[in-house]
Structures are given as C-alpha cells and as structure tokens.
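Undergrad: Okay, handing you the structure first.
The values are calculated or read from the model by the stated rules, or taken from the named source; none is laboratory data. Nothing here was measured: the structure is a model prediction, and the numbers come from that model. Quick reminder, even Gly has a Cβ in these numbers, built from the backbone with ideal geometry, and neighbours come from all protein chains shown. Keep in mind that these areas ignore ligands, DNA and RNA; they rest on the heavy atoms of the full protein, side chains included. Shrake-Rupley method; radii C 1.70, N 1.55, O 1.52, S 1.80 Å.
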Amino acid sequence: MRALSATGGDILPVASFEEGAFNWGNDRGRNITLNRMRTTAATLATAGVLAATQLAFAGGAAAATRAPQSTGCPLDIVYPSRFYYDSHGWVTNGGLYFGIKSKTATSFKNVTFSVTNVKNLRFGKAKPTGGRISHNSSTSVSAYTGTFKGKASLGMRIPTHLLNTHSYQLKFTLHGSGWNCAVNQGTWGN
C-alpha cells in the first residue's frame, strides 16, 4: 500500500497489516520515519505562519489628538497617548482610561465626567476610580462624585472595541459647580 507525501508529490510506503504481520514495504520503515518528520515540519511551519498572522493583526495606536481645554479651568483631562488592541479590535490591558485631575486644592460639588462615542467605538462595563459609574451604555460612559476634593482624580477604565482601527473618535463632557470650565471638553481620537 502506498500514499502521497504530505509535503511533496513523491510516493512513500505506508504501514499496513497483511496476514497478521506488519508490512513496512521495501525500506523497512525508513520512509515512514521520514514521512513523519516531514509532516511534523510542515505542521510546525503552519503553526508559525498562523502565529505570525495573528501578531500582524494585533496592533497599536499612538498619539491620539484632543481639542484644547478652555482657559481658567482648574482640571486636566487624562487620556491615553498610546494603547494596543488585539486582532478583533479590542483594546488590551482592560481598556482605555479616561479621567480628570484637579490642579487646585479647591473642592467642587456634583462632578460628572462623561465620554461619548463620536465614531467607530463601542464600550463595555466600565470600572470607576475616585467615584462611581452613573451611566454605562455601549456608546457613552459617565463617572460621578458628589464632592471632588482638591488634588483628587475621577476617572474610569472602559473596555473598548474599535470598530475601525484607523478612524475612531470620542468626546468629553464635564458637569459640576464651583469652576469656570466649559461643558464640552473637546474630542479624542484619530
């Protein structure tokens, strides 16, 4: 009994049972061992190509832009300047972190910081820092704190899915009392 090799067109002997004895063909098993080695090499090569393809689909994004803040606002917006995503467009390391940090020791009341999708982003269940999540949908997330004390921070880590890794954008909004900050705090993305 003979079969085609997995790596080439040459015909190699294949083991078979005939009359209760194990028949290796003419070469007493040498070609079967070579066939197994060729198959193993082909399998490893295929696995290497698949791993390289998966790494090629995984990517990173850098230097996303944000519109400037209004002057006189005692808060800074915190956003990622670089992040990575997998082959399905999900941001790695738990998602993107967005937040606000106070530049002053003054306390503010009823502070809400929101992130809203403008294009090609979807959000998962966010985790807050320095407050609580007051709203969480697939297109917008808000963090809230009743009292935002001086030099504090309020933010959220949002599992994020990039629907298009080359074009995405979101906007920031900020509500509260005791400051001179615009509600619209600009956009982030590319």
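Undergrad: Leaving out ligands, DNA and RNA, and with a 1.4 Å probe, what % of the accessible surface on the stretch 83-190 is carbon or sulfur?
TA: Percent of accessible area from carbon and sulfur atoms in the stretch 83-190: 49.
Undergrad: I've got another one for you. What figure in square angstrom, to the nearest 10, would you give for the accessible area of ARG132 with a 1.4 Å probe?
TA: Looks like 130 Å² after rounding.
Undergrad: Tell me, what is the FRET efficiency for TYR84 and HIS135 to the nearest 0.05, using R0 = 25 angstrom and their Cβ-Cβ distance as r?
TA: With R0 = 25 Å, the Cβ-Cβ based efficiency is 0.40.
Undergrad: May I ask you to compute the full-extension gain from ASN184 to ARG122, defined as 0.36 nm times their residue separation minus their alpha-carbon distance, rounded to one decimal in nm?
TA: 20.3 nm
Undergrad: Then there is this: Straight-line reach from LYS149: which lysines have Cα under 18 Å away, leaving out those fewer than 8 places along the same chain?
TA: LYS101, LYS103, LYS109
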